[in-house]
């Protein structure tokens, strides 16, 4: 029996492909009532209005492949069993020719030689906030934090005056024991309590809060903030206008553990003692603790994309906020963490030497979290500078999307240090390939002339 049929199934990207598959299966089941049948043409035409968005590309390629599978011009002999198996077999998704691809890999030796001119000098590292050793072999670090560009209004503070405060009267004698003398008075209990309190600026809502030296909050206040960036006059998280009340509520205020200007000296830093060679890209994730941001996750990869090291880390101080939206860390992750910061430092120094090149995006934050002193560093923030110049920096997400055609950090579960480290490594490889191509082009042009 020869069966000829034509079917039109209007389908749009937001509709499920099983609608079309169900319609086709119904036609075939009617046409193949007998065990075998000769079908002259098996065709499924999909009339679709295609709006290509990044999140819809995978579905679009699935539909196109589905159409190609059933758009056969030859006459074939099929039976109902083969058709049913064909409809239910798993479909392999094929990416388009312009899908994001990984740059060609380079050996560690060649990559290290190509990256030597791009290593940051000490002056540049200091301006970017990298930890530097205050004295040789002291293992005490200092770093400079640039004052932030105020994208949010500062909180309105009211100054209060105590009318009963004692008047300061200069004394003619150093031995005067009056209240106006050079500090020979005994300290009151209130002054000692004030010295035992630390005042921090919340990095999310920009409000001031107080904690004890042990990290206990003097006053429990919720934190209302915008987690998105300010683009123009609106926040990317909720499209609210600049200066409006936050859209996200947190239980506590948090701080980063650093202040604008010079910080330190800090102890507990380590550095490599002998050369080991190699090139690695690393990325870390941190959580907010009573001491600021502390390391909770790390991933290190090699130039060939191979995972070298990955671990969850237990913070030394109590966790205030896991920062899951950005760190991807959940309480259960830290529950199974077995390594401490000291363990991670020992592991890193097992394959990182004095001449090892470390790659990362805003690598200064990672080295401060690791408490690692290292001089051979390459930062993709410097390799791909912002159009408006320093101190503005382009985000790794934007760089990956523009230069690699790859979307990262889009999952609501948070960032992945492994994904970010691979993006940083691929951006560096891409830059090296571009420089080689430009050098070869200039060499050819010079010899032609």
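General observations
- Complete set of residues in region 387-416 that are in a loop (DSSP other than H, G, I, E, B), loosely packed, with under 13 Cβ neighbours inside 10 Å and more than 13 Å from the chain's Cα centre (by Cα): 387, 388, 389, 392, 405
- Only one entry of 387, 311 meets the criterion of being modelled with pLDDT under 95, under 28 Å from residue 203 (Cα atoms) and outside the structural domain of residue 249 (by TED's automatic domain parsing), and that entry is 387.
- Wholly within region 253-370, strands (runs of 3 or more DSSP E) carrying at least 2 residues that are over 21 Å from residue 425 (Cα atoms): 261-266, 279-289, 292-301, 319-321
To keep it simple, each residue is scored yes or no on (1) out of contact with any helix residue (DSSP H, G or I) (no Cβ under 9 Å at 6 or more places or on another chain); (2) farther than 27 Å from residue 268 by Cβ; (3) at pLDDT 95 or above.
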residue	(1), (2), (3)
360	no, no, yes
364	no, no, yes
377	no, no, yes
436	no, yes, no
441	yes, yes, no
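- Criterion applied to 238, 251 was being exposed (fewer than 15 other Cβ atoms within 10 Å of the Cβ), more than 23 Å from the chain's Cα centre (by Cα) and farther than 30 Å from residue 303 by Cβ, and the one residue passing it is 251.
- Whether a residue is without any contact (Cβ under 8 Å) to a residue 60 or more places away in the chain, over 11 Å from residue 296 (Cβ atoms) and touching a strand residue (DSSP E or B) at 6+ places or on another chain (Cβ under 8 Å) was assessed, and residue 348 passes this test.
- Counted residues, region 109-126 - those being touching a strand residue (DSSP E or B) at 6+ places or on another chain (Cβ under 7 Å), more than 14 Å from residue 431 (Cα to Cα) and touching a residue at least 24 places away in the same chain (Cβ under 8 Å): 3
- Residue in region 323-339 that is in contact (Cβ under 8 Å) with a residue 24 or more places away in the chain and either outside the structural domain of residue 134 (by TED's automatic domain parsing) or touching a helix residue (DSSP H, G or I) at 6+ places or on another chain (Cβ under 7 Å) (or both) present: no
The values are calculated or read from the model by the stated rules, or taken from the named source; none is laboratory data. This is a predicted model, so every value here is computed, not measured. Cβ coordinates were reconstructed from backbone atoms using ideal geometry, including for glycine residues, and neighbour counts include every protein chain displayed.
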